[in-house]
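Reviewing the structure listed below.
Computed from the coordinates by the stated procedures, all read-outs in this text should not be read as laboratory data. Predicted, not measured: the structure shown is a model, and the values here were computed from it. All Cβ positions, even for glycine, are placed from backbone atoms using ideal geometry, and neighbour counts span all protein chains on display.
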Amino acid sequence: APQNNENAFLLFRQACQNKLVQGCLNTGLAHMRGIGTPVQWEQAAHHLRLGCTQKDPQSCFHLANVYLKSPTLRNDNTGHKHLKQACFLRHVPACEQLNQLYELPTLDLEGYEESAFFFRKSCALGQPRSCYGLGLLNKYGRGTDPNCTEALKLFRLACRNGFSKACNAQCTKKKDDE
């Protein structure tokens, strides 16, 4: 099997040299995971960047994770930038990963407005946990005006789509909350 991995790596690298996005993605992943070649974070970033430049959401997503996880290239800001790019390209795992980052209380990101934006995007892509998160932002007026009606709608949507934590979520309307 190691010989097969090495052969596959060489074919992926050749495909990347011929400007095929899938070849660049797979070459980057091979460098990232040490499949058919030693782990080389710089080479992984190089090949994934080639795919990301061609607007491949998976390449952008994995490039982000190179910057978020690499012991030699770690750069959270660059990682977040590529996660956002992948999310804009409708890559659901990137939107979900961004949402998880926004849930971390110690992470200094750009604020609740941006958090609401990515929760909204991910919810629209069918991610119930993101619908719940957006509901919480609506409930507490973080990144959006407080709106219990919208919060409850999002909680119900998240619950219907399998996020059980949302099934018991409450929001008490104020007199002026339409």
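Mind checking the angle between helix 92-103 and the chain's longest principal axis? C-alpha axes, 0 to 90 degrees, to the nearest 10. On a 0 to 90 degree scale, this one is about 60. LYS165: which lysines have alpha carbons under 30 Å from its alpha carbon, excluding same-chain residues fewer than 8 sequence positions away? The qualifying lysines are LYS69, LYS81, LYS84, LYS121, LYS139, LYS153, LYS173, LYS174, LYS175. Computed over all pairs of different Cα atoms, the Kirkwood value for the hydrodynamic radius of the chain is 17.7 Å. Using a simple spin-label model with pseudo-atoms 7 Å out from Cα toward Cβ, ARG160 and ASN5 lie 4.6 nm apart.
Let a ≥ b ≥ c be the square roots of the eigenvalues of the Cα gyration tensor of region 114-178; is it rounded (a/c under 1.5), or, if not, prolate (a/b larger than b/c) or oblate? Don't skip to the answer; put the middle values down first.
Details: a/c = 2.40, a/b = 1.27, b/c = 1.89.
Oblate, since a/c reaches 1.5 and b/c is not below a/b.
Annotation for region 141-167 versus region 20-95: alpha-carbon center distance of 32 Å. Extension gain for LYS69 to ARG90 (0.36 nm times residue separation, less C-alpha to C-alpha distance): 5.3 nm. THR149 label point, 7 Å along Cα→Cβ, cut-off 17 Å on backbone N: hits in region 119-136? Flagged as within label range: 135.
If you filter region 25-104 for trypsin sites (Lys or Arg not before Pro), then keep DSSP loop positions with at most 13 other Cβ within 10 Å, what is left? Show your work: numbers first, answer last.
Details: sites: ARG33, ARG49, LYS55, LYS69, ARG74, LYS81, LYS84, ARG90; in loops: LYS55, ARG74, ARG90.
In loop regions of region 25-104 (DSSP not H, G, I, E or B), the sparsely surrounded trypsin sites (Lys or Arg not before Pro) are LYS55, ARG74, ARG90.
Over the chain, what relative contact order in percent results from Cα pairs under 8 Å that are six or more residues apart?
Values: 280 pairs, mean separation 19.1, N = 178.
In percent, rounded to a whole number, it is 11.
Between helix 57-69 and the chain there is an angle of about 90 degrees, using the helix long axis and the longest principal axis of the Cα atoms.
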